[in-house]
Amino acid sequence: MGWLLVGAVLWAATGLAVAIWQRRRGHHLVVWVLLGIVYGPITYVLAVDAERRMPRFRAVPRVAELGPGQVDVLIGLDGSERSRAAALEAIELLGDRRRRVVVATVIDRESGLDDHLGRAAAEERLESFLGELEIDGVGTIVVSGPPGPTLAALAEEDGFDVVVVGARGSGMSQRLLGSATAKLIGHSTRPVLVGGTARELSGRS
């Protein structure tokens, strides 16, 4: 009986370790905890297979025109009012200091969206947002992967100086910022500007 208990604990612990590893890679913790408890060490095989089946992609980007400034800005747009407001605030704040502005939408491959449908919705969202802007030459890109870490990697790989995202949710810590924003801050080697709340609230009054 004792050996069975020890075996069960080791089985679950191994699966939970994989779940924590997946969370650090930006995946959903609850899903992988459940898998870890049930499948134990087999969860590692599932994690590797998930990465293989869900490769990251970049849709063909719209290249940004260079402005007069020296600051390259990557804006994360997730369709929420706050991310839209944060983008508008950042563009206004930076003014002529902007050099390159790119708006990115990340398709979360664990959301269950089909690639084609996900890209179509993302591109429609970007086009709608570009119609609101009062500046020309803004670039766009659609990428896939865990939203926070993917934005952080994109900013580093493409040499952006600052990443702009919207605050989401309510409460403390991750609930205040939203899990994607919190993960971005945790992974980013670039400064992260979190905004949108003030503009959103003023728009409601």
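Taken over region 72-90, the criterion of being open to solvent by less than 10 Å² (accessible area, probe 1.4 Å) and of a type in the set (Ser, Thr, Tyr) is satisfied by Ser83 alone. Scanning region 91-108 for residues that are over 15 Å from the mean Cα position of the chain (by Cα) and surrounded by 21 or more Cβ atoms within 10 Å (Cβ to Cβ) gives Arg98, Arg100, Val101. Here Val73 meets each of (1) at pLDDT 80 or above; (2) in a helix (DSSP H, G or I); (3) of a type in the set (Val, Ile, Thr) with one exception, condition (2). Residue count for region 127-149, restricted to those that are open to solvent by less than 10 Å² (accessible area, probe 1.4 Å) and either of a type in the set (D, E, K, R) or outside any loop (DSSP other than H, G, I, E, B) (or both): 6. When region 85-142 is limited to residues that are of a type in the set (A, V, I, L, M) and more than 18 Å from Gly166 (Cα to Cα), the one that is modelled with the highest pLDDT turns out to be Val138.
Has region 35-48 got any residue that is assigned to a strand (DSSP E or B) and modelled with pLDDT of 80 or more? No, region 35-48 contains no residue that is assigned to a strand (DSSP E or B) and modelled with pLDDT of 80 or more.
The values are calculated or read from the model by the stated rules, or taken from the named source; none is laboratory data. Treat the numbers as computed from the prediction; the structure is a model and nothing was measured. Every residue, glycine among them, receives a Cβ derived from its backbone with ideal geometry; neighbour counts consider all protein chains shown. When the accessible area is computed, the model is the full protein with side chains, heavy atoms only, and any ligands, DNA or RNA have been set aside. Shrake-Rupley method; radii C 1.70, N 1.55, O 1.52, S 1.80 Å.
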